[in-house]
Amino acid sequence: MVDSPLSRRSLIVVGAAGLAGLVASACSASDPVSDHEAPKSPPELTPDVAVATSALAEIRAVRSAVDKTLARFPESRPRLVPFGQMHRAHEKSLADAVPARAQPAATPAPYVVPRKRDVALTGLATREQRLHDTLDALALRAQSGDFARLLASMGAAVSQRLAVWST
């Protein structure tokens, strides 16, 4: 019998479903023993929800940098559009798993696109590499195996895009 490897798409779906289950179990509003409403103070985030929150914030920040760079240098469209599409897909995979109460309170400083195209693209490539490294580190912190694979897959996708990046 030959085992067929999971496609990246099915791995993302499985990871997102597993993370959604973790969120649902972490955000129960009633006490299972007494069936009374839970206290009004928000419960602690599960470790995987905290990891998802961090990953989502990082992905959104880099996607914003890509969008702003693309707006300033539209001639870079063939190079940058695939990055933006990838980040939007990754955001979508994580967004439903992060409850509103877990959204970061502080927003990062707005990204300022350098004036020179080469400098802007080099800086963006550096941000993408840092995102890859962050996703890999977050995958190691994830407690769910499916979620760890999802984050690792996202990091690999960034790495694959960077492999064909030419400044």
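Let's see how each residue does on (1) under 24 Å from residue 52 (Cβ atoms); (2) of a type outside the set (Ser, Thr, Tyr); (3) surrounded by 15 or more Cβ atoms within 10 Å (Cβ to Cβ):
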site: 112; (1), (2), (3): no, yes, no
site: 121; (1), (2), (3): no, yes, yes
site: 136; (1), (2), (3): yes, yes, yes
site: 144; (1), (2), (3): yes, no, yes
site: 151; (1), (2), (3): yes, yes, yes
site: 158; (1), (2), (3): yes, yes, yes
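Test of understanding: among 109, 137, 100, 120, which residue is out of contact with any Ser or Thr (no Cβ under 9 Å at 6 or more places or on another chain), of a type in the set (A, V, I, L, M) and modelled with pLDDT of 95 or more?
Matching residue, one of 109, 137, 100, 120: 137.
For region 118-138, does any single residue satisfy the condition of being farther than 23 Å from residue 70 by Cβ, out of contact with any strand residue (DSSP E or B) (no Cβ under 8 Å at 6 or more places or on another chain) and small (Gly, Ala, Ser)?
yes
The values are calculated or read from the model by the stated rules, or taken from the named source; none is laboratory data. This is a predicted model, so every value here is computed, not measured. Quick reminder, even Gly has a Cβ in these numbers, built from the backbone with ideal geometry, and neighbours come from all protein chains shown.
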